[in-house]
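Written out below as structure tokens is the structure these notes cover.
The values are calculated or read from the model by the stated rules, or taken from the named source; none is laboratory data. Treat the numbers as computed from the prediction; the structure is a model and nothing was measured. Every residue, glycine among them, receives a Cβ derived from its backbone with ideal geometry; neighbour counts consider all protein chains shown.
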Amino acid sequence: MPQQIPADSVGIVTPQVARFDEPLLLRCGKTLDQYELVYETYGQLNADKSNAVLICHALSGDHHAAGYHSMEDKKPGWWDACIGPGKVIDTNQFFVVCLNNLGGCAGSTGPVSINPETGKAYGSDFPVVRVWDWVNSQARLADYLGIETFAAVIGGSLGGMQALRWSIQFPERLKNCVVIASAPKLSAQNIAFNEVARSAIMKDPDFHDGYYLHHGVIPKSGLMQARMLAHLTYLSDDAMGEKFGRELKTDGIQYGFNPEFEVESYLHYQGEKFSTSFDANTYLLMTRALDYFDPAQYTDNDLSQCLSTAQCKFLVMSFTTDWRFSPERSEEIVDALVDADKDVSYARIESEKGHDAFLIPIPRYLATFGAYMKRVAKELAL
Amino acid sequence: MTLRSDLNIIQGWISPESQVLDLGCGQGELLAFLQQHKSCRGYGLEINPDSIVSCIEKGVNVIEHDLNDGLADFKDQSVDTVVMTQALQAVRRPDVLLEDMLRVGNEAIITFPNFGYWRTRWYLLGKGKMPMSKTLPYNWYDTPNIHMCTFADFEALCREKGLTILNRTVVDSNHQEHWSIKRWPNLLGEIAIYRVSR
């Protein structure tokens, strides 16, 4: 609980819901006749609506990017380090929009929502959505909010893929694209990690082919294992070593298989927490969206040709110890942008924090990102 | 905005609306000038974090890249001019990088400190120690300048590689030209500025 709201926080925020009745044709061929998107906004939209920034969330993120929902909240939104008055994404200048993606489990229409055709939760009947679909639905939210052009579309990890997709899909609707700790497509290793996670969920006896809510249960153990695996891929060897080392939480070794090392206990805690707050079907959908993302597949696997339609400027950032989306993956994007003669800057930020670094206020990261956002504000005369 | 005088000489050799790649672009002064005054487009490569921030503040495209990793990410003849100021002597293989610069660009503009400058020669002769000066402020053990050369050395390398020297200017440490430097460049010039092509 915040004793008092910090001065550089957006303060207490309230999620809003936008309802859409115009059918959305999805990449998989199915149609969502109606859907809702839950979102939050921070800052004020200016008179000519030129100061809007879209934040795209990553796998387990949601619309609550900054501020607090109440004074009882233990923690602020997931990207509070970067969004707020005077922060990198300065809410004194920008109108920030962040939504929960379709298929999510934080309020937007997804597998836990009621399927109007059956009157029960969608479960596995919720269509497999792709980054392409998210970008379309985000554009509809922009229409709903009266935003024609975003000053910037920004995202880290899976969010970075959405930002990149925006630059190709709606080139005239964004001025800047910020892609952080991301990749132009997943590697075989990335897909393999996702498959282990999905397997853990789907093999859980409580999964019931995805209709677990109809049975009044959740595949808790599967989702917990999935999260434990994913969580460790977000950290670097050094970061884990520094945080836990070989410290025991028990009084000496116990000659058993219950968690004894601090790192085991931490992973269990993270998995446990996640398994009761996140939906397993959403987890499956999000990992699939990651797997399927490969915009260059439509241009003969030529990423620079794929990005040649982009009209915005780009900032790409990566982190040295991120082995889930390594700097080399970001550099593929940068090389393609240079080849396509696009405006791009790139920084490879020194950090021992692994993939999670994009959520952490690392001084050099904030300085680079902040300089870019100040430039964005200056060029738009905000 | 006033450019440092060596950069001013360089910008004079770059055509309006051309594509420029600046290796070790520092705070992006040259590229910012070329963008604003000559409608050039381009990218700067830099490894210093603070310099990268300065470039971004100026609206200069900057890419974090170690010149020792070469220019393999850039396609053949993809830019008009590749510029490298005061970095040739600090890279691991200046000869390989020079080749690469002319693979990527039609022309290359290079500046470097002249180890044949008379004070440098005098320092070594008189003190018997590795020369230090305003242009060469480092000790022998911590200097980033690992491949010091003279104008004569550089021109020999250009001859060996079959490169054409299009322009050559020699300045003092304040980047000023003088008639006497033009007369005896390898003795009186502290910094060389060369424009070469294949």
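Considering only residues that are among the β-branched types (Val, Ile, Thr) and under 22 Å from A:Arg364 (Cα atoms), look in region A:305-329 and name the one that is nearest to the other protein chains (Cβ to nearest Cβ). Only one residue tops the list, namely A:Val316. Contact annotation: residue pairs with Cβ atoms under 7 Å, 6 or more positions apart or on different chains, pairing a residue in region A:311-329 that is more than 18 Å from A:Phe150 (Cα to Cα) with a partner that is among the acidic types (Asp, Glu) and at pLDDT 95 or above, are A:Thr320/A:Glu350. Residues in region A:190-210 that are closer than 15 Å to A:Leu285 by Cβ and part of a loop (DSSP other than H, G, I, E, B): 1 in all. Would you confirm whether or not region A:353-365 contains a residue that is part of a helix (DSSP H, G or I), at negative phi and facing chain B (nearest Cβ under 9 Å)? For region A:353-365, residues part of a helix (DSSP H, G or I), at negative phi and facing chain B (nearest Cβ under 9 Å): present.
Output yes when any residue across region B:116-126 is in contact with a Pro (Cβ under 7 Å, 6 or more places away or on another chain), over 25 Å from B:Leu98 (Cβ atoms) and not in a strand (DSSP E or B), and no when none is. Yes, some residue in region B:116-126 is in contact with a Pro (Cβ under 7 Å, 6 or more places away or on another chain), over 25 Å from B:Leu98 (Cβ atoms) and not in a strand (DSSP E or B).
Here the condition is being closer than 28 Å to B:Gly59 by Cβ and either modelled with pLDDT under 95 or over 23 Å from the mean Cα position of the chain (by Cα) (or both); of A:Ser265, A:Ser304, A:Ser277, it holds for A:Ser304 alone.
Which of the following residues is in contact with a Leu (Cβ under 6 Å, 6 or more places away or on another chain) and modelled with pLDDT of 90 or more: B:Val96, B:Val79?
Of the residues listed, the single one that is in contact with a Leu (Cβ under 6 Å, 6 or more places away or on another chain) and modelled with pLDDT of 90 or more is B:Val79.
Go through A:Asp73, A:Asp80, A:Asp8, A:Asp62 for me and flag whichever is in a loop (DSSP other than H, G, I, E, B) and in contact with a strand residue (DSSP E or B) (Cβ under 7 Å, 6 or more places away or on another chain). The match here is A:Asp8. Looking only at region A:275-299, residues that are in contact with a helix residue (DSSP H, G or I) (Cβ under 8 Å, 6 or more places away or on another chain) and buried (at least 19 other Cβ atoms within 10 Å of the Cβ) come to 12 in all. A single member of B:Ser39, B:Ser54 is modelled with pLDDT of 95 or more, under 18 Å from A:Lys342 (Cβ atoms) and out of contact with any strand residue (DSSP E or B) (no Cβ under 8 Å at 6 or more places or on another chain), and it is B:Ser39. Within region A:330-349, the set of residues being charged (D, E, K, R), surrounded by fewer than 20 Cβ atoms within 10 Å (Cβ to Cβ) and more than 8 Å from chain B (Cβ to nearest Cβ) comprises just one member, A:Glu332. Do we have any residue at all in region B:28-36 that's crowded, with 24+ Cβ neighbours inside 10 Å, within 18 Å of A:Ile349 (Cβ to Cβ) and in contact with a helix residue (DSSP H, G or I) (Cβ under 6 Å, 6 or more places away or on another chain)? No - not one qualifying residue is present in region B:28-36. The single condition among (1) touching a helix residue (DSSP H, G or I) at 6+ places or on another chain (Cβ under 7 Å); (2) buried (at least 16 other Cβ atoms within 10 Å of the Cβ); (3) modelled with pLDDT of 85 or more that B:Ala152 does not meet is (2).
Here A:Asp302 passes the criteria (1) away from chain B (no Cβ under 12 Å); (2) without any contact (Cβ under 8 Å) to a residue 40 or more places away in the chain; (3) surrounded by 21 or more Cβ atoms within 10 Å (Cβ to Cβ); (4) not hydroxyl-bearing (Ser, Thr, Tyr) except the one numbered (3). From (1) over 30 Å from B:Gly59 (Cβ atoms); (2) crowded, with 22+ Cβ neighbours inside 10 Å; (3) under 20 Å from the mean Cα position of the chain (by Cα), pick out the condition that doesn't hold for A:Asn136. Just one mismatch for A:Asn136, condition (2). The helices (runs of 4 or more DSSP H) falling completely within region B:12-104 that include 3 or more residues that are more than 9 Å from chain A (Cβ to nearest Cβ) and aliphatic (A, V, I, L, M) map to B:29-38, B:94-104.
So if I check each of B:Ile146, B:Ile109, B:Ile165, which one is under 17 Å from the mean Cα position of the chain (by Cα), within 25 Å of B:Ala72 (Cα to Cα) and not in a strand (DSSP E or B)? Show your work before the answer.
Working: B:Ile109 fails: not in a strand (DSSP E or B); B:Ile165 fails: not in a strand (DSSP E or B).
When all the criteria are applied, what remains is B:Ile146.
A:Met161 satisfies every condition listed in (1) over 21 Å from A:Ala340 (Cα atoms); (2) crowded, with 22+ Cβ neighbours inside 10 Å except (1).
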